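> One structure, pasted below without further comment.
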Amino acid sequence: VNPAFARMLGHPAEALLTMTFGDITHPDELARTRAEIDELRAGRAETSSLRTRYLTAWGQTLWVDLFVAAVRRTDGAVRHFVVQVVDVTTEVLSADALTRTVHQLQDLASHDPLTGLVNRRFLEERLRDVLGHTPRAGTATAVLFADIDRLKPVNDSFGHAAGDQLLAEVATRLRAAVRAEDVVARVGGDEFVVVLVA
């Protein structure tokens, strides 16, 4: 235990000297960490490295890269472990945030934000996939185009929020009327396309 490790976890060094790794390891990581230590104790490995989570004295979760080396007696039994702990919380959280942002951007690029339906771009890709394959005997593709008549008077009389609610309800009903593998898309203001593949 050194001062940096004590600062990292928020425990006094004296307290850490009385604790086990189980006291500071996140409960969801205990089994995996114990398995790594068991491999070292059994002599099946000399070193181990893993990314895991620790809990600080104030209840926060830290992501750490843990490097463990076994120091053995002459009979091969583990005398003690030498452990290096590197706080990688910022790196992990930044990577998670980037992944979430990428997924959100991908979703925005392929879905209509109002209805949650796929958009024209995704529909065109799906149609290329479906129509680009050589038709098998007994297969067919149906494409249904639908629009909402008199949406403008709804917007003019009751406001755009009511028109948006109408579009969302049409989307919900179209989705409920087809199978999960079928595609329902919103391709324009009041225009919907349904692709059914048999």
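> Could you tell me which residue of region 1-18 is most open to solvent (accessible area, probe 1.4 Å), considering only residues that are free of Cβ contacts under 8 Å to residues at least 24 places away in the same chain, within 15 Å of Val83 (Cβ to Cβ) and assigned to a helix (DSSP H, G or I)? Walk me through how you get there before you give the answer.
Going through region 1-18, the residues free of Cβ contacts under 8 Å to residues at least 24 places away in the same chain turn out to be 1-4, 6-7, 12-18.
Then keep just the ones that are within 15 Å of Val83 (Cβ to Cβ); that gives 1-2, 4, 6, 13, 16-17.
Then drop every residue that is not assigned to a helix (DSSP H, G or I), which leaves 4, 6, 13, 16.
Details: Ala4: 50, Ala6: 14, Ala13: 32, Leu16: 12 Å².
Among those residues, the one meeting the criterion is Ala4.
> Any residue in region 70-86 that's touching a residue at least 24 places away in the same chain (Cβ under 8 Å) and over 13 Å from Arg41 (Cα atoms): show its pairings with residues that are among the aliphatic types (A, V, I, L, M) and assigned to a strand (DSSP E or B) at Cβ separation under 8 Å, as long as the two are six or more apart or on different chains.
Sorted first by the residue in region 70-86, then by its partner, the pairs are Val85/Val64; Val85/Leu66.
> Let me ask something additional. Condition first: open to solvent by 60 Å² or more (accessible area, probe 1.4 Å) and under 26 Å from Glu124 (Cα atoms). Now tell me which residues in region 142-164 satisfy that. It would help to see each step written out before you state the result.
Pass one, region 142-164, residues open to solvent by 60 Å² or more (accessible area, probe 1.4 Å): 143-145, 147, 149-150, 152-153, 156-158, 160-161, 164.
Of everything in region 142-164, those that are open to solvent by 60 Å² or more (accessible area, probe 1.4 Å) and under 26 Å from Glu124 (Cα atoms) turn out to be Val143, Leu144, Phe145, Asp147, Asp149, Asp164.
> Can you name the number of the only condition in (1) closer than 27 Å to His103 by Cα; (2) assigned to a loop (DSSP other than H, G, I, E, B) that Asp149 fails?
(1)
> So which residues in region 19-36 are in contact (Cβ under 8 Å) with a residue 12 or more places away in the chain and of a type in the set (A, V, I, L, M, F, W, C), if there are any at all?
Of everything in region 19-36, those that are in contact (Cβ under 8 Å) with a residue 12 or more places away in the chain and of a type in the set (A, V, I, L, M, F, W, C) turn out to be Phe21, Ile24.
> Can I ask one more? Of the residues in region 112-133, how many are closer than 12 Å to Val195 by Cβ and free of Cβ contacts under 8 Å to residues at least 12 places away in the same chain?
5
> A further question follows. So, restricting to strands (runs of 3 or more DSSP E) that lie completely within region 21-138, which ones have at least 1 residues that are open to solvent by less than 70 Å² (accessible area, probe 1.4 Å) and among the charged types (D, E, K, R)?
47-55, 61-72
> Of everything in region 170-198, what is out of contact with any helix residue (DSSP H, G or I) (no Cβ under 6 Å at 6 or more places or on another chain), open to solvent by less than 80 Å² (accessible area, probe 1.4 Å) and among the acidic types (Asp, Glu)? Give them in sequence order.
Within region 170-198, Asp182, Glu191 meet the criteria.
> Taking the criterion of being under 33 Å from the mean Cα position of the chain (by Cα), of a type in the set (Phe, Trp, Tyr) and modelled with pLDDT of 90 or more, would at least one residue in region 118-133 satisfy it?
No, region 118-133 contains no residue that is under 33 Å from the mean Cα position of the chain (by Cα), of a type in the set (Phe, Trp, Tyr) and modelled with pLDDT of 90 or more.
The values are calculated or read from the model by the stated rules, or taken from the named source; none is laboratory data. Note that this is a predicted model, so its numbers are computed, not measured. For neighbour counting, all protein chains shown are included, and Cβ atoms are generated from backbone atoms with ideal geometry for every residue, glycine included. Keep in mind that these areas ignore ligands, DNA and RNA; they rest on the heavy atoms of the full protein, side chains included. Shrake-Rupley method; radii C 1.70, N 1.55, O 1.52, S 1.80 Å.
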